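Here is the structure we will look at, set down as structure tokens.
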Amino acid sequence: MNAEDVVDKMNSLFPEPKCELKYNSIYELLVAVILSAQCTDKRVNIVTNELFKNFNTPYKMIKLSVEELEKKIHSCGFYHNKAKNILAMSSDLIERFGGEVPNNKDDLQTLAGVGRKTANVVYSEGFNGDAIAVDTHVLRVSNRLGFVKTDNPLICEKELMKIFDKKDWSRLHLQFVLFGRYVCKSQNPNCAKCLFQKDCLYYKEKANTI
């Protein structure tokens, strides 16, 4: 599939793609992205709407015990590890970075609970950097459209970086997420209204089984 054609179609579908996590600072964004693992943005926003009223900086966050933070983020799932990581990450920010979230992917990935995907999201969204963060949506869409044939997010990221211009990475990441969330869903994708129907490997396989 032609990369420029994909960019054009994604731009027509999502002309101004935006991260659906709600935040008012890069620290809030970082916490929200950590909470979003295996959890919907909608649920994270409900939780952070309350959490950030009183604990929206690393200095305020570390006043909480693990148990206290667990209760506040319980509905996001995996709350024990997320609570430990958020508190460890907050302490790290204070001790190593003066309470500020670092503006590069290498330093971000040294923080507790921050893997490559999280670092890419924060770097792209928070610092307007060029990056492709591969979550389940991006991975699914990339495989279905034939850009990759892998379940490995890192391989997928590197392949997409080769295929698309650097200037398009961050926008495409958001567009792929939204496309996967609302059109190319894991279950019952809306193939009938998909602009990529004729090029989609998933649709071709599906059509052949009917």
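Summary of computed values
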{"read-out": "Failed item in (1) assigned by TED's automatic domain parsing to the domain that holds Arg181; (2) touching a residue at least 40 places away in the same chain (Cβ under 8 Å), with Pro58 passing the rest", "value": "(1)"}
{"read-out": "Evaluation of Gln38 against (1) in the same structural domain as Lys185 (by TED's automatic domain parsing); (2) modelled with pLDDT under 95; (3) not hydrophobic (A, V, I, L, M, F, W, C) (one fails), failing number", "value": "(1)"}
{"read-out": "Helices (runs of 4 or more DSSP H) contained in the stretch 134-210 and holding at least 3 residues farther than 17 Å from Val7 by Cβ", "value": "136-144, 153-163, 201-208"}
{"read-out": "Any hit, the stretch 116-135, residues being of a type outside the set (Gly, Ala, Ser), modelled with pLDDT of 95 or more and over 16 Å from the mean Cα position of the chain (by Cα)", "value": "no"}
{"read-out": "Qualifying positions in the stretch 87-121 - surrounded by fewer than 19 Cβ atoms within 10 Å (Cβ to Cβ), not in a helix (DSSP H, G or I) and not charged (D, E, K, R)", "value": "Gly98, Gly99, Asn103, Asn104, Gln109, Thr110, Ala112, Gly115"}
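The values are calculated or read from the model by the stated rules, or taken from the named source; none is laboratory data. Because the structure is a prediction, the values reported are computed rather than measured. Cβ: placed from backbone, ideal geometry, glycine included. Neighbour counts: every protein chain shown.
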